[in-house]
Amino acid sequence: MLCDNYLHWRFDYRKKVFDKKNIDSALQFLNDLDSSPHLMVYKLSKKYYQYLFNNQIDLAKKMKIDLLDMGCIAGVTNWPV
(Lines give C-alpha, C1' and ligand atoms only; values in the text may rest on other atoms or scores of the structure.)
Protein backbone atom coordinates (compact mmCIF):
# COMPACT_ATOMS: atom_id res chain seq x y z
CA MET A 1 0.00 0.00 0.00
CA LEU A 2 2.90 2.32 0.76
CA CYS A 3 4.27 1.98 -2.80
CA ASP A 4 0.83 2.71 -4.25
CA ASN A 5 0.49 5.81 -2.09
CA TYR A 6 3.98 6.96 -3.05
CA LEU A 7 3.31 6.51 -6.77
CA HIS A 8 -0.02 8.31 -6.49
CA TRP A 9 1.60 11.20 -4.62
CA ARG A 10 4.53 11.31 -7.04
CA PHE A 11 2.23 11.38 -10.06
CA ASP A 12 0.23 14.25 -8.55
CA TYR A 13 3.46 16.25 -8.18
CA ARG A 14 5.15 15.08 -11.37
CA LYS A 15 5.77 18.65 -12.53
CA LYS A 16 8.39 18.99 -9.80
CA VAL A 17 11.83 17.46 -10.05
CA PHE A 18 11.94 13.90 -8.78
CA ASP A 19 14.24 10.93 -8.68
CA LYS A 20 13.00 8.44 -11.28
CA LYS A 21 15.03 5.77 -9.51
CA ASN A 22 12.56 5.82 -6.59
CA ILE A 23 9.63 5.41 -8.95
CA ASP A 24 11.35 2.52 -10.71
CA SER A 25 12.09 0.89 -7.34
CA ALA A 26 8.46 1.20 -6.23
CA LEU A 27 7.23 -0.26 -9.52
CA GLN A 28 9.71 -3.12 -9.26
CA PHE A 29 8.61 -3.85 -5.69
CA LEU A 30 4.98 -4.08 -6.81
CA ASN A 31 6.00 -6.27 -9.73
CA ASP A 32 7.84 -8.67 -7.42
CA LEU A 33 4.89 -9.20 -5.07
CA ASP A 34 3.46 -12.67 -4.71
CA SER A 35 0.60 -13.33 -7.15
CA SER A 36 -1.90 -14.14 -4.42
CA PRO A 37 -5.46 -12.84 -4.83
CA HIS A 38 -4.97 -10.51 -1.85
CA LEU A 39 -2.06 -8.72 -3.56
CA MET A 40 -3.40 -8.76 -7.11
CA VAL A 41 -4.73 -5.20 -6.95
CA TYR A 42 -1.19 -4.01 -6.20
CA LYS A 43 0.22 -5.92 -9.15
CA LEU A 44 -2.47 -4.33 -11.33
CA SER A 45 -1.68 -0.91 -9.93
CA LYS A 46 1.94 -1.40 -11.00
CA LYS A 47 0.81 -1.69 -14.63
CA TYR A 48 -1.48 1.32 -14.21
CA TYR A 49 1.27 3.53 -12.79
CA GLN A 50 3.68 2.36 -15.46
CA TYR A 51 1.21 3.65 -18.02
CA LEU A 52 0.95 6.98 -16.20
CA PHE A 53 4.70 7.52 -15.82
CA ASN A 54 5.25 6.53 -19.45
CA ASN A 55 2.66 9.15 -20.44
CA GLN A 56 0.25 6.50 -21.77
CA ILE A 57 -2.71 8.23 -20.16
CA ASP A 58 -5.33 6.73 -22.48
CA LEU A 59 -4.21 3.19 -21.59
CA ALA A 60 -4.30 4.06 -17.88
CA LYS A 61 -7.82 5.48 -18.21
CA LYS A 62 -9.00 2.41 -20.11
CA MET A 63 -7.49 0.09 -17.52
CA LYS A 64 -9.20 1.96 -14.69
CA ILE A 65 -12.57 1.94 -16.47
CA ASP A 66 -12.25 -1.78 -17.27
CA LEU A 67 -11.41 -2.64 -13.67
CA LEU A 68 -14.30 -0.55 -12.34
CA ASP A 69 -16.64 -2.22 -14.84
CA MET A 70 -15.54 -5.61 -13.48
CA GLY A 71 -16.36 -4.47 -9.95
CA CYS A 72 -12.79 -3.96 -8.76
CA ILE A 73 -13.56 -0.90 -6.69
CA ALA A 74 -11.14 -1.27 -3.76
CA GLY A 75 -8.38 1.24 -4.31
CA VAL A 76 -9.11 1.71 -8.02
CA THR A 77 -11.66 4.49 -7.53
CA ASN A 78 -8.94 6.66 -5.97
CA TRP A 79 -6.45 6.24 -8.81
CA PRO A 80 -5.51 9.67 -10.15
CA VAL A 81 -6.73 9.48 -13.77
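Here are the numbers for this structure:
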read-out: For the chain, size of Cβ-based charge dipole, Lys and Arg +1, Asp and Glu -1, in debye; value: 340
read-out: Spatially near lysine pairs across the chain, Cα under 13 Å, sequence gap of 8 or more or different chains; value: 4
read-out: Length-normalised contact order of the chain in % [C-alpha pairs under 8 Å, at least 6 apart]; value: 29
read-out: Identified option (computed Rg/Rh (Cα atoms, Kirkwood Rh); candidates (i) 1.01; (ii) 0.94; (iii) 1.07); value: (ii)
read-out: Neighbour cut-off at most 13 other Cβ (10 Å), DSSP loop, chymotrypsin sites (Phe, Trp or Tyr not before Pro), the chain; value: Tyr13, Phe18
read-out: Protein accessible area in the chain, 1.4 Å probe - carbon and sulfur %; value: 57
read-out: Amide N proximity, the range 47-76 versus Tyr6 label position 7 Å along Cα-to-Cβ, cut-off under 16 Å; value: 47, 49-50, 53
read-out: Gaussian network model of the chain, Cα within-10 Å springs - most flexible of Lys61, Lys47, Lys21; value: Lys21
read-out: Among Asp19, Asp32, Asp58, residue whose mean-square fluctuation peaks in a GNM of the chain (springs only between Cα atoms under 10 Å); value: Asp19
read-out: Hz values of 3J(HN,Hα) by residue in the range 43-56 - Karplus curve (6.51, -1.76, 1.60), Gly and Pro given as x; value: 5, 5, 5, 4, 5, 4, 5, 4, 4, 4, 6, 9, 6, 9
read-out: Inter-label distance, nm, simple model (7 Å from Cα along the C-beta direction), Asp69/Met40; value: 1.8
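The values are calculated or read from the model by the stated rules, or taken from the named source; none is laboratory data. Since the model is a prediction, treat every value here as computed from it, not as a measurement. For neighbour counting, all protein chains shown are included, and Cβ atoms are generated from backbone atoms with ideal geometry for every residue, glycine included. Areas reflect the complete protein model, heavy atoms only, side chains present, ligands, DNA and RNA absent. Shrake-Rupley method; radii C 1.70, N 1.55, O 1.52, S 1.80 Å.
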